[in-house]
Amino acid sequence: MDAPPNIDPVTVHSDSDVVHWLMNDTRDERFLDNIFAELCVRLQRAGIPVKRATLHILIHHPQWLGARFMWADGMHDAEIARVGYDVRERSEYIGSPANELQDGATEVRENLERDPSLGRKHAVYDEMRAKGLTDYVAWPLHHTLGKRHMVTFATDRRGGFDDADIADLSKLLPGLALVSEIRVKNRLARTLLETYVGSHAGELILAGATRRGSGTTVSAAILICDLRDFTRISDNWPRDDVIDLLNGYFDAMSEPIARHGGEILKFIGDGLLAIFPLSQPSACADLLHAVAEARQAMVALNEKNGETGRAPLNYGIGVHVGDVMYGNIGSRTRLDFTVIGPAVNMASRLESLTKQLGKPVLLSRAFADFVKGDFDLERVGEYPVRGFNDPIELFAYHG
């Protein structure tokens, strides 16, 4: 187990010093878990017998309701556990301190030394007793606009926390609420951007790339994918079935793209646009590996859909490579962070040709030249492409 951080004990001799540190000396620390772990160590150095502490934060990630930071005596870093949206239907939540606080309690205090039959009934209390803890307190952590999170402290000292300990710990709540809300808001902003525009574009936007027309030229492999017959499906299927179908399709396509270093810039109805920047030497090979895995995932999805009587989903993928303008385009007040340029148009035209030629994946000669010899490609021939003067030599990839 890692040793606690090296903190000068001379400067940590009372709770007021801990509050001062929390409010004034954490501004350069980006991560809340690091702040929380150091806070607990400083509390120990200040003479408050904290043996275990947790911080529960609602984060509203697309996949996770929240996160729990847990620190115990001797730990350098807090452990982070994600909490799913279904937690409130599970036994670990029902009747727990978090449940009580979310229902409006202002404090949960439990004497763990007394007869368990006289106390609250929940597995978390049994677990703490088994670890030798004697006293436990949980408080809501109030953020702005009524948002409620939770912080807990436990000790193994005989007799538990005394009144002075509880008073000192409670003094931390306003400062911890303020410090945690700043980090939660920052994380939420980052999560929202990653969710809606992708991680790379999100980083650029957070760095200040928000002016219309701002952007850069990027050399990239471009992938455009589109479902076949989606209009018929959306017209004839129940709405919820259509949404479920789209989510399954996008999972099958998107996860391999992200896994192999691509970035999905947008979903367009039943289509998606992704790029693999050529700054990564293996970008073109990575794109084809992603396509192969996505095709396998679509086979599995169609088998699953077939079990419920749904028709198989067909799709087309067009792939090209070239320079694109990557940046902000739109009105004065509503911008889209995207890529434009002839290379994007070419990928879109190739995707359209997949239906005409009966090939689910079509590659331009320019892209194929990057991967020839490493992948088995089928030369399809030269075909006119709308918007381009000369016929384009095309290759099919069967993954």
(request) For the chain, find the longest principal axis of its Cα atoms and tell me its angle to the long axis of helix 32-45, 0 to 90°, nearest 10. (result) 20 degrees
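Can you tell me the FRET efficiency between Ser279 and Lys304 if r is taken as the Cβ-Cβ distance and R0 is 25 Å, rounded to the nearest 0.05? Let's see the in-between values first.
Working: r = 37 Å, r/R0 = 1.47.
Plugging the Cβ-Cβ distance into 1/(1 + (r/R0)^6) gives 0.10.
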(message) Pick from Asp229, Asp323, Asp240 the residue whose mean-square fluctuation is largest in a GNM of the chain, springs joining Cα atoms under 10 Å.
(response) Asp240
(message) Counting each pair of different Cα atoms once, what's the Kirkwood radius of the chain in Å, rounded to one decimal?
(response) 25.0 Å
(request) Collect residues whose amide H, placed 1.01 Å from N in the peptide plane, falls under 5 Å from the amide H of Leu141; neighbours closer than 5 in sequence don't count. (result) His149, Met150, Val151
(request) Could you pull the Rg and Dmax for the range 233-284, using just the Cα atoms, both in Å? (result) 13.9, 45
(message) Can you tell me, using C-alpha contacts under 8 Å and at least 6 residues apart, the relative contact order of the range 327-397 as a whole percent?
(response) 25 percent
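Over the Cα atoms of the range 26-92, compute the convex hull volume and normalise it per residue, giving Å³.
100 Å³
How high is the relative contact order of the range 241-298? Use alpha-carbon pairs under 8 Å, at least six apart in sequence, and give a whole percent.
About 38 percent, as a whole number.
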(request) Using a 1.4 Å probe over the heavy atoms of the protein chains, calculate the carbon and sulfur portion of the accessible area of the chain as a whole percent. (result) 51 percent
(request) Sticking with the crude label model, points 7 Å out along Cα→Cβ, report the distance from Ala105 to Met325 in nm, one decimal please. (result) 5.9 nm
(request) Just subtract the alpha-carbon distance of Ile182 and Arg334 from 0.36 nm times their residue separation and send over the number in nm, one decimal. (result) 52.1 nm
(request) Please state, to two decimals, what the Cα-based radius of gyration of the range 256-351 comes to when divided by 2.2 N^0.38 Å (N = residues). (result) 1.25
(request) Give me the accessible area per residue for the chain, probe 1.4 Å, as a whole number in Å². (result) 51 Å²
(message) Taking 2.2 N^0.38 Å as the expected size of a compact globular protein, what ratio does the Cα radius of gyration of the range 182-288 give against it, to two decimals?
(response) 1.25
(message) Projecting each Cα onto the charge dipole of the range 75-130 (Lys/Arg +1, Asp/Glu -1 at the beta carbon, about the Cα centre), which of Ser96, Met128, Gly84 comes out farthest on the positive side?
(response) Ser96
(message) How much length would be gained if the chain were fully extended between Ser91 and Gln296, taking 0.36 nm per residue of separation minus their Cα-Cα distance, in nm to one decimal?
(response) 70.1 nm
(request) In debye, nearest 20, what is the charge dipole magnitude of the chain about its Cα centre with +1 on Lys and Arg Cβ and -1 on Asp and Glu Cβ, if you could check? (result) 920 debye
(message) Suppose each label sits 7 Å from its Cα in the direction of the beta carbon; what would the Arg157-Lys355 distance come out to in nanometres?
(response) 7.3 nm
(request) Give me the angle, in degrees from 0 to 90, between the Cα long axis of helix 239-259 and the longest principal axis of the Cα atoms of the chain, rounded to the nearest 10. (result) 90 degrees
(message) Output wanted: per-residue J couplings in Hz (rounded whole) for the range 146-154, from phi through Karplus 6.51 cos²θ - 1.76 cosθ + 1.60, θ = phi - 60°, x for Gly and Pro.
(response) x, 6, 10, 10, 8, 10, 9, 9, 9
(request) Could you check the simple spin-label distance between Asp241 and Thr217, using points 7 Å along Cα→Cβ, in nm with one decimal? (result) 5.0 nm
(message) Contact order normalised by length for the chain, with contacts defined as Cα pairs under 8 Å and 6 or more residues apart; what percent is it?
(response) 11 percent
(message) Under the 0.36 nm per residue contour assumption, what length would be gained going from the current alpha-carbon distance of Arg190 and Leu145 to full extension?
(response) 14.2 nm
(request) Evaluate E = 1/(1 + (r/R0)^6) for Glu113 and Asn314, where r is the Cβ-Cβ distance and R0 equals 56 Å; express this FRET efficiency to the nearest 0.05. (result) 0.25
(request) Could you state, as a whole-number percent, how many of the C-alpha pairs of the range 75-208 are farther apart than 19 Å? (result) 62 percent
(message) Through the Karplus equation 6.51 cos²θ - 1.76 cosθ + 1.60, θ set to phi - 60°, convert the phi angles of the range 72-81 into ³J(HN,Hα) values in whole Hz; use x for Gly and Pro.
(response) 9, 3, x, 7, 7, 10, 7, 7, 10, 10
(request) Pop out the ³J(HN,Hα) list for the range 171-185 in order, Karplus 6.51 cos²θ - 1.76 cosθ + 1.60 with θ = phi - 60°, rounded to Hz; leave Gly and Pro as x. (result) 5, 6, 4, x, x, 5, 4, 5, 5, 5, 5, 4, 5, 5, 5
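The values are calculated or read from the model by the stated rules, or taken from the named source; none is laboratory data. In this text the structure is predicted, and so the values were computed from the model without any measurement. As a convention, Cβ positions derive from the backbone with ideal geometry for all residues, glycine included, and neighbour counts pool all protein chains shown. Only protein heavy atoms, including side chains, enter the accessible area calculation; ligands, DNA and RNA are left aside. Shrake-Rupley method; radii C 1.70, N 1.55, O 1.52, S 1.80 Å.
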